[in-house]
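The values are calculated or read from the model by the stated rules, or taken from the named source; none is laboratory data. None of these values were measured; they are calculated from a predicted model. Glycine gets a Cβ as well: all are built from the backbone with ideal geometry, and neighbour counts include every protein chain shown.
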Amino acid sequence: MTPTSTAATGNGPLSGVRVVELAGIGPGPFAAMLLADLGADVVRVDRPDGSGLAIPAPYDLTNRNKRSVLVDLKAADGAERVLDLVERADVLIEGLRPGVAERLGVGPDACLARNPRLVYGRMTGWGQDGPLAQRAGHDIAYIAVTGTLGMIGTPDEPPAVPANLLGDYAGGSLYLVVGVLAALQHARSEGGTGQVVDAAVVDGAAHLATMIHGMMAAGGWQDRRGGNLLDGGSPFYGCYETSDGAYMAVGALERQFYDEFVRLLGIADQAPSRKDFDRWDELRELVAARFKSRTRAEWTAVFEGSDACVAPVLSLREAPAHPHLAARATFTDHGGITQPAPAPRFSTTPTSIRSGPTAPGADAASVARDWDLPARPGSAGEAP
């Protein structure tokens, strides 16, 4: 590893790690953002035509803490310019369809030949092989075939769509980051080498349900939506509407939490035992009626400070003001945008938002200087 300047990497446990990110959308950029949040010096290789940008650059928070250079990979010397970066990097992340990076001259073979200790992270929905590997897709299709989507929602309605959080980011980005960090540890070990990390959303989304598969095998989970303890089938694990049209979330699974829940809700003398499954419908109606009698704010006050495992369901705009999240600075303001702060937290190497989303190609000069790139006419190393 070649050390980088403090100005380039800021702080965090990955300070000094260099990452090349080939511009894309979805889970790849988020994974690279997480590495950047942890202190890595992430250089995003953007396309001159600006294609691939999902939202306007100043608001694309997945590009925070990164720097950007422009490279036309279809140009005669495009691949060589990326390989100049690869030679000096620890990690490369790409989210192209299988085979595209190879055709562009920046596939694993070319990159590992230039830098044998490189960790080459590949992020796709379907994976690098299999019948669907070359097919287009999005989060909803990936989680659909894994059985994950079918678990979510009520039994008499279509499955509920969990934005693109469960597939793209949980099953995709986070698994890519885990894989990259594990491979980086191996590459830095004695005799270690670089390798390819094949992160597929379908693999990660399936893996997330490992516990559920175990419960199903043991007879403790029904393979249907809304009929189980953790999927809304239980009347004391779900969401209930309040009198003002808002919602409260209930997760009073254990007996002691359930007892406190029904006491504070005011139905302790009417509520059946939590294990009286034949009366769950009756209990659900009772709980729903009580919650409809007061506003969300009133119920929040009732359960404040208790172990009933009840919380208000807040919107994205409301969440930063929640007292607990505000006390922990879970959200922060940077560049006039309220956004989640880097996570997790470190006692010795704290993280921070060092810079907001950078404009494509804006950092060519600083990257050329800090990474000691060779001078090439019109290259990524020249100032724009």
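A few notes on this one:
- Filter pass, Val20 being over 15 Å from Ser355 (Cβ atoms), part of a strand (DSSP E or B), touching a Leu at 6+ places or on another chain (Cβ under 9 Å) and among the β-branched types (Val, Ile, Thr): yes
- Test: Thr358 is under 30 Å from Tyr59 (Cα atoms) and assigned to a loop (DSSP other than H, G, I, E, B): yes
- Under the condition of being surrounded by fewer than 10 Cβ atoms within 10 Å (Cβ to Cβ) and either within 21 Å of Arg64 (Cα to Cα) or aliphatic (A, V, I, L, M) (or both), the residues counted in the stretch 313-334 number 3.
- Within the stretch 179-208, considering residues that are touching a helix residue (DSSP H, G or I) at 6+ places or on another chain (Cβ under 8 Å) and part of a loop (DSSP other than H, G, I, E, B), the one farthest from Ala136 (Cα to Cα): Gly192
- A count restricted to the stretch 154-163 and to residues that are surrounded by 14 or more Cβ atoms within 10 Å (Cβ to Cβ) and at pLDDT below 95 stands at 1.
- Residue match in the stretch 81-94 (condition: without any contact (Cβ under 8 Å) to a residue 40 or more places away in the chain and either in contact with a Phe, Trp or Tyr (Cβ under 7 Å, 6 or more places away or on another chain) or under 23 Å from Gly361 (Cα atoms) (or both)): yes
- Any pair with Cβ under 7 angstrom, 6 or more apart, that starts in the stretch 113-133 at a residue that is in the same structural domain as Ala183 (by TED's automatic domain parsing) and ends at one that is aromatic (Phe, Trp, Tyr): Gly125/Tyr142; Leu132/Trp126; Ala133/Trp126
- Where a residue in the stretch 357-370 is within 12 Å of Asp41 (Cβ to Cβ) and surrounded by fewer than 18 Cβ atoms within 10 Å (Cβ to Cβ) and its partner, wherever it lies, is among the hydrophobic types (A, V, I, L, M, F, W, C) and at pLDDT below 95, with Cβ under 8 Å and at least six apart: Ser366/Ala8
- Here Thr154, Thr124, Thr193 are screened, and the one residue that is within 23 Å of the chain's Cα centre (by Cα) and of a type in the set (Val, Ile, Thr) is Thr124.
- Answer from Ala141, Ala101, Ala89 - the residue that is surrounded by fewer than 22 Cβ atoms within 10 Å (Cβ to Cβ), of a type outside the set (Lys, Arg) and at pLDDT 95 or above: Ala141
- Lone qualifier among Arg117, Arg135 - being at pLDDT 95 or above, part of a loop (DSSP other than H, G, I, E, B), over 21 Å from the mean Cα position of the chain (by Cα) and within 15 Å of Val19 (Cα to Cα): Arg117
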